[in-house]
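Input: a single structure, listed below in structure tokens.
The values are calculated or read from the model by the stated rules, or taken from the named source; none is laboratory data. In this text the structure is predicted, and so the values were computed from the model without any measurement. Cβ sites come from the backbone with ideal geometry, for glycine too, and all protein chains shown count toward neighbours. Accessible surface areas use protein heavy atoms only, side chains included; no ligands, DNA or RNA. Shrake-Rupley method; radii C 1.70, N 1.55, O 1.52, S 1.80 Å.
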Amino acid sequence: MTTLEAIIFDVDGTLAETERDGHRVAFNQTFQAAGLNWHWSTALYGDLLQVAGGKERIRYFIEHYSPHVPEIHNWTEFIADLHRTKTERYTALLKTGNIQLRPGVERLISEARRAGLCLAIATTSRLENALTLLETALDPEAANWFAVIAAGDIVPHKKPAPDIYHYVLDKTALSSSHCIVIEDTEHGLAAATGAGLKTVVTINGYTVQQNFSKASLVLNHLGEPTHPCQVLQGMSMNQAYFSVAIAQQLLTL
Ligand code: XBP
């Protein structure tokens, strides 16, 4: 039997619904403060999410949506400055405590810790974003529970490239066959499966229509004993929530 040794979590959309009411709001606040008349509506942001990474997303918007732009000499610097401000605003938003973890996340992390499993994070977002979310929504010490928190520009290519998952596997010296990934998007799924990792997808409003045919299991969320999850694709579960035991079963399928 292949023993489960680790669970690797994506962050945005997986640990918490951070995109619509977190990142998007911080981008808009930043644009306004910079005197730009750009506004990313909920729907437009859904389209822009096809581009991973905040800096890359701003550049894509400028190149594909023809917004009014000021005279800029150095675009890379301009975008990096905007993104720095956006990160400050996003982490400030997280510190208001308005963004909570999705159902089952805290329970699964606690169960995995009790079982002695290795925990890791693989995210496209900046490191300070991931750390602040863990600190504000999970536990002030939560960052220490993870063997690796792989984030942002640490690898050359963001999701859907598998780089960030290869990075986690290298740093933890784990074999992909002993890990389960929790993701929420098609890009995240492609990145994880590209690194040979079995993946559970918990969909959200932005990703519900995406193609998850390569996922080992697709759920609406991880579920709680009192708040059952629904299986949208994959094996039926004999309980109301995703658990370490079910993660172990997926490895042996
Ligand atoms: C989510 C992302 C990120 C955030 C913005 O990554 O795509 O780009 O929207 O974060 P994941 P930054 O699902 O891998 O957690 O602005 O810090 O890039």
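Looking at (1) surrounded by 15 or more Cβ atoms within 10 Å (Cβ to Cβ); (2) assigned to a strand (DSSP E or B), which is the one condition that is false for residue 247?
Unmet condition: (2).
Find the residue count for the range 51-103, including only residues that are surrounded by fewer than 13 Cβ atoms within 10 Å (Cβ to Cβ) and of a type in the set (S, T, N, Q).
5
Take residue 108 and tell me if it is aliphatic (A, V, I, L, M), open to solvent by less than 50 Å² (accessible area, probe 1.4 Å) and within 16 Å of the ligand (Cβ to nearest atom).
For residue 108, the condition - aliphatic (A, V, I, L, M), open to solvent by less than 50 Å² (accessible area, probe 1.4 Å) and within 16 Å of the ligand (Cβ to nearest atom) - is not met.
Do we have residue 116 as away from the ligand (no atom under 16 Å from the Cβ), within 30 Å of residue 246 (Cβ to Cβ) and open to solvent by 40 Å² or more (accessible area, probe 1.4 Å) here?
yes
I'm trying to understand the selection: among the residues of the range 144-167, which are more than 12 Å from the ligand (Cβ to nearest atom) and either part of a loop (DSSP other than H, G, I, E, B) or within 12 Å of residue 11 (Cβ to Cβ) (or both)?
146, 147, 156, 157, 162
Answer yes if at least one residue in the range 225-246 is without any contact (Cβ under 8 Å) to a residue 60 or more places away in the chain and within 17 Å of residue 6 (Cβ to Cβ), and no otherwise.
yes
Please specify each residue of the range 31-50 satisfying the condition of being open to solvent by less than 10 Å² (accessible area, probe 1.4 Å) and near the ligand (Cβ under 10 Å from one of its atoms).
Across the range 31-50, the qualifying residues are 45, 48.
Checking the conditions here, which among 11, 69 is of a type outside the set (Asp, Glu), in the same structural domain as residue 153 (by TED's automatic domain parsing) and either more than 11 Å from the ligand (Cβ to nearest atom) or touching a strand residue (DSSP E or B) at 6+ places or on another chain (Cβ under 8 Å) (or both)?
11
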